[in-house]
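What follows is a set of notes on a single structure, which appears directly below.
The numbers here are math on the coordinates, done by the rules we state, and not lab data. Since the model is a prediction, treat every value here as computed from it, not as a measurement. Cβ placement follows ideal geometry from the backbone for every residue including glycine, while neighbour counts extend to all protein chains displayed.
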């Protein structure tokens, strides 16, 4: 393919921009204005053979001046600069905020060519937006684009604008370009300091400074330094010699089974990048660096391909493990001549059986001590600072301008016992795992008395997440007294509720005027010769329409209502377009809808997009209006999938709930089929009631073979390949070894001995049962992390029945492939055991990769240098479909992969709670589905960014909008005033007093009838505003009416200490559908009941949860309440669909029987039935 040729148009503006008359924009360029183009156009001479150069001319069109843009030359790239230097910021009025570009262009074609626009800012940040041009005169606006650092730009510091045009780009005309101005609105909030980080002054000389562990600690550390090195001397007392089985040079096992000393260093101090180093008493080490990689253009973690240079001496003397370690500053990425302090943490691990005295000791104490935000700080002074203490407040003041990407912090400190004299106040800020900045220093004078100092941290980047502020008083000798604090910054939430959001985003969308009234139409039209598969798609589509728009009948040989077609071409925006494989064209007009699929899958995906459009307003109306639009779309990757590591239970323990295969099918319908994925892998190994191997069957076997057949049939009908997964080799303890312990490999706790004569017979019997029941075309054999967990009381044999482990691994997979071919299925597996940069170093396993069957599909899962990992397998000849267990996306390799899908560990629940929690897994799934469909143009936005933008929360809410076949648009609030027993404001003040010190009010609730998620709900205007129940309490609420559905507005209040105390009760494993928060029991007038289980991350969540964790599977709206500190409390709206709408509901009873949460109900509304 001929390479793309670029040239750039660059316009020197000098003094040629000004404020518009209305002061709503700063005009950068307008054709025809005096002195408006002083051009400097040239080619990029550093590109070999480059001769491309802009050709610009001022022309008159329709009586108006326009800038005509053409090109000359046929290769290379042109470059010039539209330079404003310092002049732009001076033109932004004090009471406004600059943000966003408005540009008017006349483009002659309808091919949606993209015009890259690059902005350069004073702080060396860049911003690139690829503007798709539409036919005709259009004014475009954009304020978002790609930033390499991920740090938001400061628009007032704009210095340079570049327009870049692809060679042979059609001639176009530019009229005007301006930066938009927005009114400035300042807000203030008090933010709680959540951690005072431990700080130690380090002086020159080995062992000069003892770190404080307490006098009774069995672990003591001294540090010191010189110009080249950091010295760390540690002593760890043990009742007997520390456990150390792993030796330097071992290629199997790992140090992680031993008792370890762990060191952490962060010369970057940005709460993101760091070095980790661990050693056991044998001197065997493990190290890693998390740093920015120029090749990957991202922060990545390197382990096996990176080593920390160091020297160490280890000894065992007088029941003490002594280590004298020397780390060159250069190896730690620390420049002593330019830096004064370093993030640091050290921990000594002790086995669980050592007794109360010998428990893991951490310098800056934290259960999550590897987190960079929990590191302490080492300050390197040449001379002792002397007397002087800095006292920190409990809160700081944050000030921000609305629509600004910057924020200011003010911290009032108290200086005590400092010598009188002149000092320098130095300030640094680490912003939300993103950046580290030194702010301008200030000169201050201390009197020697107790003295208050206001420290201002100005123009900080405004992000969600944990910040660290560092503040140092430096004396005239250059020594520093430093303090460091952490706090959680919360930006105002961006709500996209009810906005036209998609997952995945279609390639091209042109919105039109008008609406199609889906509720007033009732016909699905098919061609007279429609295939059986098209008819099946129509049946599925009609069933989905029933829940939102009403009954549709399928009619062949007609062309009205909603027409479904399969054809190779379609008309899009007035032009005939060829449709790509699995692609579709969707046309919505007021009169009709036409969905044209390139093939049968494409037709189905077009129907899925229409269903998303139907839900987008998040307001059910009898007419079911759908905004008119034209959409042209197709996937980038052939295989798009989710790998569900279905929650399984430890042997001998039971699940608390079983919602049957129907729950799993509904989940797949919503999150796999509903996001246009075409492959679903699910680990069912321990969950199946096997026929050939009944010894596996127990109460934890949730699914029969018939159940799996039902799931597989659903998948086939929705263009999804069902892929059963078993963990073979590594992690065989998930299922195999509990029932057949004789198959465990000696020396390892979790690895199966694949050379055992019975191993393959048993495993293949289980697989064959499922293959026959499901007629699946793929198997997933897992296969990650073999020999990962050494057995503490055994040593592995050198050979496995005469074979090296590499040979055993190879022979097993050759046998798997033979079995698979015999049964006409393909096999996929994880790749870490074949990767020389990862676990492939164990037993030299990576050396047999060339002998592995090349029809295996490799699923790389680990982070780090992901493009290198992916290309390693592709270059070896394997089909490679990345399958992250975290959240990462291929970049340079995106056009070489054949598929992509995220691995998730539960239906929704985070594996931890409280401060250790992560966003629920459905967010990962949606973000992965977006990448798989649009891989070639994906922005690489991480999960935090996708949540902060409002996109993922809005999608989660949209996907939670339930189908209600008999429901009308009429929703009536249910009066609950007589049952209210609690004031939410007073409850927070009482239960969480530390958060609201000096506040008369914690949070203000709206009162009366409100619009919550486009639904009328009644909030009490009296002293009490909610119903609270605790453990073993209940409240009955009379309803006495018929409803198609009930809407509940509720939440759960708790705190971190409570969650820690009840962690075992609230494990995610037994509660696979979500941790229990209570139940609603619906009592019908005929004496029957329906149960509504309330489960965290499903249909309810915590009130004070971090905003990025708030989404739930089945909450159609999450209502934010800003509290007195500028943070949020959340109420969750769940709509329960009544399975018996013909019955009168007599009452609803709130129960809570498992954990003593504060379960709070604020409102109920009922949806009436259609007449």
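Points worth noting:
- The chain - mean residue ellipticity at 222 nm from DSSP helices (-39,500 (n - 2.57) per run, n ≥ 4, rounded to 500): -4000 deg cm²/dmol
- Cα gyration tensor shape for the range 508-633, rounded if a/c is under 1.5, else prolate or oblate: oblate
- The value of relative contact order for the range 642-924, using C-alpha pairs under 8 Å at least six residues apart, is 16 percent.
- In this structure, residue 357 and residue 94 have a Cβ-Cβ separation that, at R0 = 56 Å, corresponds to a calculated FRET efficiency of about 0.35.
- Translational diffusion of the range 967-1169, µm² s⁻¹ [Kirkwood Rh, Cα pairs; Stokes-Einstein; 4 °C; 1.567 mPa s]: 75 µm²/s
- Counting neighbouring Cβ atoms within 10 Å and putting the fewest first, the residues 576, 198, 536 line up as 576, 536, 198.
- For the pair residue 746 and residue 438 in one chain, pulling the backbone fully straight at 0.36 nm per residue adds 105.4 nm over the alpha carbon distance.
- Label positions at residue 818 and residue 963, each projected 7 Å from the Cα along the C-beta direction, are separated by 4.7 nm.
- Antiparallel %, DSSP beta bridges [both residues in the range 569-724], to 5: 60 percent
- Ratio Rg/Rh, restricted to the chain and using Cα atoms, in which Rh is the Kirkwood radius: 0.96
- Neighbour-count ranking [beta-carbon atoms within 10 angstrom, fewest first] of 428, 225: 428, 225
- Distance (nanometres) between label positions extended 7 Å along Cα→Cβ at residue 522 and residue 302: 6.9 nm
- Rounded if a/c under 1.5, otherwise prolate or oblate - the range 642-924, Cα gyration tensor axes: rounded
- Neighbour-count ranking [beta-carbon atoms within 10 angstrom, fewest first] of 1050, 215, 740: 215, 740, 1050
- Contour excess over end-to-end distance, with Cα ends at residue 1023 and residue 215 and 0.36 nm allotted per residue: 285.6 nm
- With a Förster radius of 22 Å applied to the C-beta separation of residue 699 and residue 662, the computed FRET efficiency comes to 0.75.
- Here each label is just a point 7 Å from Cα along the line to Cβ, and for residue 399 and residue 553 those points are 7.0 nm apart.
- Maximal additional length on extending the residue 247-residue 383 stretch stands at 44.9 nm, based on 0.36 nm per residue less the C-alpha distance.
- DSSP bridge orientation in the chain - percent antiparallel, rounded to nearest 5: 85 percent
- Shape category assigned to the range 913-1067 from the gyration tensor of Cα positions, a/c cut at 1.5: oblate
- At R0 = 30 Å, FRET efficiency that the Cβ-Cβ distance of residue 339 and residue 141 yields, to 0.05: 0.10
- Rounded to whole Å, sorted largest first: equivalent-ellipsoid semi-axes of the range 204-380, Cα gyration tensor: 25, 20, 16
- Near-label residues of the range 160-181 by backbone N, under 14 Å of a point 7 Å along Cα→Cβ of residue 56: 160-165, 172-178
- Beta bridge orientation in the range 508-633: antiparallel %, DSSP, nearest 5: 65 percent
- The relative contact order of the chain comes to 7 percent, based on Cα pairs under 8 Å that sit 6 or more residues apart.
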